[in-house]
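Trainee: My questions will all concern the structure given below.
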Amino acid sequence: SLSINNYVGFSWDEISSTSSGKKLLVYDEFVYDFTSYLDPSNTDYWLGDDKNFTRTWIENLIGRDATLEISDSNSQDDVVKCFDNFLVGRVEGLPYGCALTKLLVVVLTIITTFFAALKLLSAFVYDMYLSKKLGIPIPNTQQESPKYMIITIPCYSEGRESLKASFDSLAATDYSDQHKLFFIVADGNITGSGETESTPDILKSLIVPVDNTVPKPASYLAIGPGPKRHNMAQVYTGHYHYENRRIPTMLIIKCGTPAEKNLPKAGNRGKRDTQLILMNLLKHAFHNTGMCELEFEMFEKIRKLTGVTVDQFQIVSMIDADTIVEEKSLSRLVECINQEPTIVGICGETQVLNKTENWVTMIQVFEYYISHHLGKTFESIFACVTCLPGCFCMYQVYSYNEEGYKIPLLIDDAIMINYTVNEVDTLHQKNLFLLGEDRYLTTLTLRAFPHLKTMYCSGAVCKTIVPNSFSVLVSQRRRWINGTIHNLFELVASSELPGRFCFSMQCASFLDLFGTLTSPFAIIFTIYLIIGLLVGQPYGLQVGNAVATYLAQLFLIVIAGLSPINALWFLVYLTSVPVWTVILPLYSFWNFDDFTWGATRKIEGADTGHDGDQTFYKFDPRKIVFKRWDEWVLYRNSKKLPQLAPLHGKYLNPLPITNE
């Protein structure tokens with residue numbers, strides 16, 4: 001035995017050993033010797049009211065750390081008060097199990113503290129230095145000619161005011177009107193809750209058409225179960241007028257097949273299907289491969305509307321129909337790509353538009369702020385932003401290699417093959433494709449191009465209307481949290497992400513996943529520590545660590561962000577910490593098998609869910625015909641055309657324009 005602070009030190013081997021004949025136990029790190037008391041020859045059992053019971057109770061504690069059991073045994077409080085009569089020393093070291101546990105806690109604490117400090121440092125560096133340069137043209141340099149950009153806007157149940165406000169903001173951006181095309185998609189015959197007009201009718205009234213003819217529905221291969229693989233859509237073209245500006249506009253209305261015409265949500269196939277209508281068109285135009293009837297209609301009408309073929313469009317912007325984009329946002333994102341061509345995807349900052357509507361909207365203001373200025377800034381240091389949100393992001397369709405040849409990016413096979421999966425059967429797949437499709441598209445991009453960049457530009461700002469009722473917020477965050485978890489699983493399993501070991505996005509993704517899954521228990525444990533500290537337990541270090549985490553965020557807001565007003569939003573956010581860390585995650589985990597969009601987008605009439613009725617007719621793949629562009633023209637014009645130049649490569653030539 002050794003001397004420890006004037007006490008005799010006992011090792012755990014000595015305490016647990018039975019060969020010495022000693023009967024020792026540990027309580028609160030002190031060692032007590034009950035050898036003489038428990039000796040069979042001793043008849044003076046003076047501890048406790050029930051002497052025999054107390055003796056048996058003590059015998060069961062011999063040879064181990066009995067702190068927890070003694071603390072939980074309130075009936076033996078009088079006995080414990082007499083333990084000082086048996087005190088012989090203190091414990092030397094820790095039991096092997098406790099030592100391993102403490103070592104694990106220390107290692108995890110070091111790693112998580114390191115990443116927390118790294119996030120704060122990266123956010124500080126980004127806000128103070130990098131953000132001032134991103135998206136800003138470099139002085140005295142020759143500016144590139146604007147890239148052709150398609151702005152895709154999926155619409156579902158939004159009202160007239162929301163749609164017009166979003167379109168007006170996009171039309172008012174300072175990006176060249178001659179180089180941007182509005183690509184608006186109405187996802188089915190939907191009427192929003194409280195609306196008197198259907199979404200397709202509202203959209204048709206907002207554009208000035210090229211002519212007044214009603215386009216014939218064209219078939220395409222959709223995302224959907226069984227018979228819903230076949231869908232039809234109408235292609236309208238015209239211009240969106242804003243003040244004295246006219247923006248070329250294409251409106252796609254998914255109207256469904258004749259067999260589903262009178263069913264609720266006719267033509268509705270979901271947001272991923274909406275994205276793929278454009279992505280498939282771009283892919284088939286780039287490679288000059290077979291197009292379906294709808295794609296040919298879009299190709300020709302874009303050519304006639306803009307004067308260029310769709311394969312000339314290098315940029316795709318994805319904007320939600322309830323998003324307001326600031327004037328310079330599009331130009332800044334494009335400028336980032338111009339300055340750094342290795343950027344395959346980029347997003348801006350999303351802020352809350354209806355901040356002060358009520359408490360539900362107010363608690364989301366700082367949550368949006370910190371997710372960008374702490375989360376995306378850290379990921380931008382790695383040039384590996386893991387979620388380019390569908391409400392406001394931008395992708396390169398293709399880029400150029402050193403020889404000047406076009407290289408597909410967004411429409412690369414590694415992305416398209418995985419993103420066009422139709423059979424979604426497992427729980428994991430359903431969370432990826434039905435709830436987290438925007439994030440999954442980013443995940444596929446990172447895996448397909450591990451050496452290219454996904455970035456965040458804080459100078460490109462948009463504002464969105466957030467849920468104003470708690471039930472809608474819960475529904476939205478259920479989708480986001482569950483989609484995030486399953487996408488993080490994909491990233492953790494990916495070895496292509498940049499960095500090594502602790503200095504890698506793979507490790508950061510694992511910690512994000514771990515933090516998301518354990519956040520309810522972490523906050524409950526923090527409350528337990530605070531209560532323990534108040535009653536005198538030595539939990540000061542742990543509580544101080546938690547407090548320091550929040551104070552560091554406050555420092556980031558006021559000092560780095562130079563935005564004292566956000567400090568007030570931070571205080572509002574503090575009132576909702578249990579909502580973000582306990583209520584929303586637990587509700588999401590409990591509803592892991594719920595793949596509906598819930599109350600986020602309410603519509604008039606019956607809502608039959610995500611898949612709808614799948615039994616109204618049988619899918620006949622022969623109804624969806626694929627032909628090359630020249631074959632479609634030959635089919636339509638009934639005459640042979642000269643052989644065409646390929647749509648891709650260094651020597652790209654515009655396709656011949658036929659007179660119709």
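Trainee: If you scan segment 211-227, which residues turn out to be free of Cβ contacts under 8 Å to residues at least 60 places away in the same chain, out of contact with any Lys or Arg (no Cβ under 9 Å at 6 or more places or on another chain) and open to solvent by less than 70 Å² (accessible area, probe 1.4 Å)?
Mentor: Pro217
Trainee: Limited to segment 268-285, what total is found for residues that are more than 21 Å from Ile190 (Cα to Cα) and open to solvent by less than 10 Å² (accessible area, probe 1.4 Å)?
Mentor: 4
Trainee: If His230 satisfies every condition in (1) more than 23 Å from Glu300 (Cβ to Cβ); (2) buried (at least 20 other Cβ atoms within 10 Å of the Cβ); (3) out of contact with any Cys (no Cβ under 7 Å at 6 or more places or on another chain); (4) modelled with pLDDT under 95 but one, which is the exception?
Mentor: Against the list (1) more than 23 Å from Glu300 (Cβ to Cβ); (2) buried (at least 20 other Cβ atoms within 10 Å of the Cβ); (3) out of contact with any Cys (no Cβ under 7 Å at 6 or more places or on another chain); (4) modelled with pLDDT under 95, His230 comes up short only on (1).
Trainee: Could you run through segment 354-367 and say how many residues are open to solvent by 20 Å² or more (accessible area, probe 1.4 Å) and assigned to a helix (DSSP H, G or I)?
Mentor: Of the residues in that region, 3 qualify.
Trainee: Is there a residue in segment 94-102 that is small (Gly, Ala, Ser), in a helix (DSSP H, G or I), under 44 Å from the mean Cα position of the chain (by Cα) and modelled with pLDDT under 80?
Mentor: Yes, that holds for at least one residue.
Quick grid of which residues meet (1) under 30 Å from Thr356 (Cβ atoms); (2) modelled with pLDDT under 65; (3) of a type in the set (Phe, Trp, Tyr); (4) in a helix (DSSP H, G or I):
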position: Leu529; (1), (2), (3), (4): no, no, no, yes
position: Gly532; (1), (2), (3), (4): no, no, no, yes
position: Gly544; (1), (2), (3), (4): no, no, no, yes
position: Leu551; (1), (2), (3), (4): yes, no, no, yes
position: Leu562; (1), (2), (3), (4): yes, yes, no, no
position: Leu568; (1), (2), (3), (4): yes, no, no, yes
position: Trp597; (1), (2), (3), (4): yes, no, yes, no
position: Asp607; (1), (2), (3), (4): no, yes, no, no
position: Lys618; (1), (2), (3), (4): no, no, no, no
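Trainee: Additional query: Name the pairs: first residue in segment 369-396 and without any contact (Cβ under 8 Å) to a residue 60 or more places away in the chain, second residue charged (D, E, K, R), Cβ to Cβ under 7 Å, at least 6 apart or on different chains?
Mentor: If the second residue must be charged (D, E, K, R), the pairs left are Pro389/Asp438.
Trainee: Continuing with this model, one more query. Just to be sure I understand, how many residues within segment 121-166 are open to solvent by 50 Å² or more (accessible area, probe 1.4 Å) and within 23 Å of the chain's Cα centre (by Cα)?
Mentor: Number of matching residues: 2.
Trainee: Condition first: modelled with pLDDT under 85, surrounded by 15 or more Cβ atoms within 10 Å (Cβ to Cβ) and not aliphatic (A, V, I, L, M). Now tell me which residues in segment 487-514 satisfy that.
Mentor: Listed by number, the residues that qualify are Ser494, Pro498, Ser504, Gln506, Cys507.
Trainee: Please count how many residues of segment 212-229 are over 30 Å from the mean Cα position of the chain (by Cα) and either closer than 25 Å to Lys627 by Cβ or assigned to a strand (DSSP E or B) (or both).
Mentor: Total satisfying the criteria: 8.
Trainee: OK, next. Give me the residue from segment 161-177 that is out of contact with any strand residue (DSSP E or B) (no Cβ under 8 Å at 6 or more places or on another chain) and in a helix (DSSP H, G or I) and, out of that set, modelled with the highest pLDDT.
Mentor: Checked segment 161-177; the qualifying residue modelled with the highest pLDDT is Lys164.
Trainee: Could you tell me whether segment 128-136 includes any residue that is among the small types (Gly, Ala, Ser), in a loop (DSSP other than H, G, I, E, B), over 17 Å from Thr199 (Cβ atoms) and at pLDDT below 90?
Mentor: yes
Trainee: Where residues in segment 230-246 are under 33 Å from the mean Cα position of the chain (by Cα) and either among the polar types (S, T, N, Q) or part of a helix (DSSP H, G or I) (or both), which of them is nearest to Asp201 (Cα to Cα)?
Mentor: Ranking the qualifying residues of segment 230-246, first place goes to Gln234.
Trainee: If you scan segment 59-70, which residues turn out to be buried (at least 18 other Cβ atoms within 10 Å of the Cβ) and within 16 Å of Glu92 (Cβ to Cβ)?
Mentor: Asp65 - this is the single residue of segment 59-70 that is buried (at least 18 other Cβ atoms within 10 Å of the Cβ) and within 16 Å of Glu92 (Cβ to Cβ).
Trainee: Take the conditions modelled with pLDDT of 85 or more and open to solvent by 60 Å² or more (accessible area, probe 1.4 Å) and apply them to Leu517. Does it pass?
Mentor: In short, yes.
Trainee: Right, next: Do any residues in segment 468-480 that are closer than 19 Å to Glu437 by Cα have Cβ atoms under 7 Å from those of residues that are assigned to a loop (DSSP other than H, G, I, E, B) and among the aromatic types (Phe, Trp, Tyr), where the two are at least six apart or on different chains, and which pairs are they?
Mentor: Filtered contacts from segment 468-480: Arg479/Trp597.
Residues are listed down the side, and each one gets a yes or a no for (1) open to solvent by 10 Å² or more (accessible area, probe 1.4 Å); (2) over 26 Å from Thr309 (Cβ atoms):
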position: Ala186; (1), (2): no, no
position: Thr191; (1), (2): yes, yes
position: Gly194; (1), (2): yes, yes
position: Glu197; (1), (2): yes, yes
position: Ile202; (1), (2): no, yes
position: Pro209; (1), (2): yes, no
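Trainee: Looking for whichever is open to solvent by 10 Å² or more (accessible area, probe 1.4 Å) and either at pLDDT below 95 or among the β-branched types (Val, Ile, Thr) (or both) here; the options are Glu326, Glu295, Glu340. Which one fits?
Mentor: Glu340
Trainee: Looking at Arg601, is it at pLDDT below 90, outside any loop (DSSP other than H, G, I, E, B) and either of a type in the set (D, E, K, R) or touching a strand residue (DSSP E or B) at 6+ places or on another chain (Cβ under 8 Å) (or both)?
Mentor: It is false that Arg601 is at pLDDT below 90, outside any loop (DSSP other than H, G, I, E, B) and either of a type in the set (D, E, K, R) or touching a strand residue (DSSP E or B) at 6+ places or on another chain (Cβ under 8 Å) (or both).
Trainee: Okay, next question. Please report, ordered by residue number, the strands (runs of 3 or more DSSP E) entirely within segment 1-58 with at least 1 residues that are modelled with pLDDT of 75 or more and farther than 11 Å from Val88 by Cβ.
Mentor: Passing ranges, in order: 7-11, 24-27.
Trainee: Same structure again: Within segment 386-421, can you find the residues that are in a helix (DSSP H, G or I) and crowded, with 18+ Cβ neighbours inside 10 Å?
Mentor: Matches in segment 386-421: Ile415, Met416, Tyr419.
Trainee: Can you name the residue in segment 447-463 that is open to solvent by 10 Å² or more (accessible area, probe 1.4 Å) and touching a Cys at 6+ places or on another chain (Cβ under 8 Å) and, of all such residues, is nearest to Val344 (Cα to Cα)?
Mentor: The qualifying residue nearest to Val344 (Cα to Cα) is Lys453.
Trainee: Specify the residue that is surrounded by the fewest Cβ atoms within 10 Å (Cβ to Cβ); the eligible residues are those in segment 574-595 that are among the aromatic types (Phe, Trp, Tyr) and at pLDDT 90 or above.
Mentor: So the residue we want is Trp590.
Trainee: Another one. Filter segment 422-454 down to the residues that are more than 22 Å from Ser399 (Cβ to Cβ), out of contact with any helix residue (DSSP H, G or I) (no Cβ under 7 Å at 6 or more places or on another chain) and in a helix (DSSP H, G or I) and list them by number.
Mentor: Listed by number, the residues that qualify are Leu427, Gln429, Lys430, Leu434.
The values are calculated or read from the model by the stated rules, or taken from the named source; none is laboratory data. As the structure is a prediction and not an experimental result, all values here were calculated from the model. Glycine also receives a Cβ, built like all others from the backbone with ideal geometry; neighbour counts cover every protein chain displayed. Please note that ligands, DNA and RNA were not included when accessible areas were found on the heavy atoms of the full protein model with its side chains. Shrake-Rupley method; radii C 1.70, N 1.55, O 1.52, S 1.80 Å.
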